[in-house]
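Engineer: The structure under discussion is supplied below as structure tokens; questions concerning it will follow.
The values are calculated or read from the model by the stated rules, or taken from the named source; none is laboratory data. Here the structure is a predicted model, which means the values were calculated and not measured. Every residue, glycine as well, gets a Cβ built from its backbone with ideal geometry; the counts of neighbours run over all protein chains shown.
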Amino acid sequence: MIAAAIPAVEAGAETGRPNFVIILTDDAGYSDPGCYGGEMSTPNIDALAAGGIRFAKFYTNARCSPTRASLMTGMYPHRVGVGDLCMRHNETPFPGYKRAMSKDVVTLPEALRAAGYHTLMSGKWHLGGRFDDDADRRPLARGFDRHFGKLGGGNTQFEPSLFRLDGAPYTRGPEEYGDDFYTTRAITDYAVRFLRQAREQDRRPFFLYVAYTAPHKPYQVPEADLRRHQGLYEGGVWEPVRAARTRRLRSQGLIDRRWRHTPLTSEQRARFDRRGWAIDEMRRVAAMTAVVDEGVGRIVDALRELGELERTLIVYLSDNGPDGFHSFVGATPLTGAKNRLTEGGIATHGIFHWPGGIRKPGRIERRPGHVIDLMPTLLELAGARVEGGQRLDGRSLVPVLEGRRWRGHETLFWELYSQQAMIRKGRWKYLADADGTARLYDLRADPAETVDLAARNPRRMRDLAASYQRWADANNVMPPGVVERWHRERKQKAK
Ligand SMILES: [Ca+2]
């Protein structure tokens, strides 16, 4: 275990350091919020954007656990054993695919707690600890003082018995909520409660991590909330909505005026002719998103009431791209969905709000940020450091917040449990599938990845492939198919 440095901060001292609130949604679409071109009702999220910074593109790792691992460590997920979704720890012999977050790294909440912060979490963990022999991988064992939420992935949105409170099963659901338990609202309730309780305790700064399970499947939302979105999408769900989102993204200045959204294939058109279910599904996503927005509003109100809003950095993003039908609309104007390394799977909205710290609010940042950047950003602002040679992959975004020159990322890398490999270097995106075929896109001219330039650029392809391979070799990343084959063979043995 590497020790986090402990600055000389006495408990209870007023330090003037900012508080942090990270709000992570689950499977939201890039252009779902109103401030990213969406038709969904998100006044509170839009207000954060208006008073803060919007990243034209903020990158994640295409699926729940890998993104959450990067958020908690500032590292690529394979370096901490989370190249795959988290199930049971040490499930495979591959260090990059242990299926639970390594205990040998200092997490963001561990480093902030050592620096004198309250560390509070409400929501979904999904980094291991679902089983009792795995309890040392749960939030309270990985740096959080408080936790209300679920240890695993997606599930029904109405079931309190799946939750835990401060390390024990949460049994007060029926007593607290009667028949009205709804995951998103309960996560907000406890987030606000934890904030107030921390402030009642002392004046130390806080880090609050709110990990909503919306708008992840199943698309469940209370009937009263669904009714509020009755008229939405009556005029059609796909082309009209996509066209309107693209128009608004252009007029908001988030995308280049020349960009077009990806055309639907004839097969997609045929599927979307079944309009009834598609309208229902999108309405449900919109209603779930509106309840998230209500939660954002309640958290902002609580910060304001506590007198903390000015000195709190709020970050709002999704853990990966949208899923299923939602992706065709939600990812507009990008291509693809959750679980793919096309931009629609890995690019999300990224909003930073901090009245006391962000210069020139209302700005758009065009260089992409990445979820690995959050830990170095927060550590810098907290004056906290991780000692012992733990090299973070992310770069601090503090220069962006302060309106100073920011180097940005020269290269970014992705690997999605051996099915796809990707490198982004400047404007170029190299994307390889498990069968070895690789494509090349110019993201500046063709953000929707419609024109494969690989055949015309053999030397660039070789360079990018070599660059990817060097990263893979140094970061526990396996060649395509190896991890899948191991799982397949183990399943056969078990039969
Ligand atoms: Ca997700």
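Engineer: Among the residues that make up segment 474-482, is at least one of them modelled with pLDDT of 90 or more and polar (S, T, N, Q)?
Structural biologist: So far as segment 474-482 goes, yes, one or more of its residues are modelled with pLDDT of 90 or more and polar (S, T, N, Q).
Engineer: Name every residue in segment 154-200 that is assigned to a helix (DSSP H, G or I) and within 16 Å of the ligand (Cβ to nearest atom), in order of residue number.
Structural biologist: Within segment 154-200, 183, 184, 187 qualify.
Engineer: Might you check whether a residue that is in contact with a Pro (Cβ under 7 Å, 6 or more places away or on another chain) and of a type outside the set (A, V, I, L, M) occurs anywhere in segment 98-105?
Structural biologist: Among the residues of segment 98-105, not one is in contact with a Pro (Cβ under 7 Å, 6 or more places away or on another chain) and of a type outside the set (A, V, I, L, M), which makes the answer no.
Engineer: Another one. Residues 249, 254: which one is in a helix (DSSP H, G or I), within 22 Å of residue 450 (Cβ to Cβ) and of a type outside the set (Val, Ile, Thr)?
Structural biologist: 249
Engineer: Right, something else. Quick one: count up the residues across segment 127-153 that are modelled with pLDDT under 95, of a type outside the set (A, V, I, L, M, F, W, C) and either outside the structural domain of residue 221 (by TED's automatic domain parsing) or assigned to a loop (DSSP other than H, G, I, E, B) (or both).
Structural biologist: The number of residues fulfilling the criteria is 5.
Engineer: In the list 452, 442, 433, 446, which residue meets the criterion of being without any contact (Cβ under 8 Å) to a residue 12 or more places away in the chain and not assigned by TED's automatic domain parsing to the domain that holds residue 261?
Structural biologist: Step by step, each of 452, 442, 433, 446 is checked, and only 446 is without any contact (Cβ under 8 Å) to a residue 12 or more places away in the chain and not assigned by TED's automatic domain parsing to the domain that holds residue 261.
Engineer: Does segment 394-410 hold any residues that are touching a residue at least 60 places away in the same chain (Cβ under 8 Å) and touching a Leu at 6+ places or on another chain (Cβ under 9 Å), and which are they?
Structural biologist: Within segment 394-410, 394, 401 meet the criteria.
Engineer: Among the residues of segment 201-219 satisfying the criterion of being part of a loop (DSSP other than H, G, I, E, B) and either away from the ligand (no atom under 16 Å from the Cβ) or more than 22 Å from residue 288 (Cα to Cα) (or both), which is nearest to the chain's Cα centre (by Cα)?
Structural biologist: Among those that are part of a loop (DSSP other than H, G, I, E, B) and either away from the ligand (no atom under 16 Å from the Cβ) or more than 22 Å from residue 288 (Cα to Cα) (or both), it is 205.
Engineer: Follow-up. Name the pairs: first residue in segment 216-228 and without any contact (Cβ under 8 Å) to a residue 24 or more places away in the chain, second residue among the basic types (Lys, Arg) and within 16 Å of the ligand (Cβ to nearest atom), Cβ to Cβ under 6 Å, at least 6 apart or on different chains?
Structural biologist: Every condition considered, no pair remains.
Engineer: Also, I was wondering about something else. Hey, among the residues in segment 267-321 that are within 16 Å of the ligand (Cβ to nearest atom) and of a type in the set (A, V, I, L, M, F, W, C), which one's farthest from residue 188 (Cα to Cα)?
Structural biologist: 285
Engineer: Next question. Give me the residue from segment 60-98 that is among the charged types (D, E, K, R) and within 16 Å of the ligand (Cβ to nearest atom) and, out of that set, modelled with the highest pLDDT.
Structural biologist: Only one residue tops the list, namely 68.
Engineer: At pLDDT below 95, within 16 Å of the ligand (Cβ to nearest atom) and either surrounded by fewer than 22 Cβ atoms within 10 Å (Cβ to Cβ) or within 15 Å of the chain's Cα centre (by Cα) (or both): which single residue out of 345, 324, 350, 389 fits that description?
Structural biologist: Checking each option against the conditions leaves just 324.
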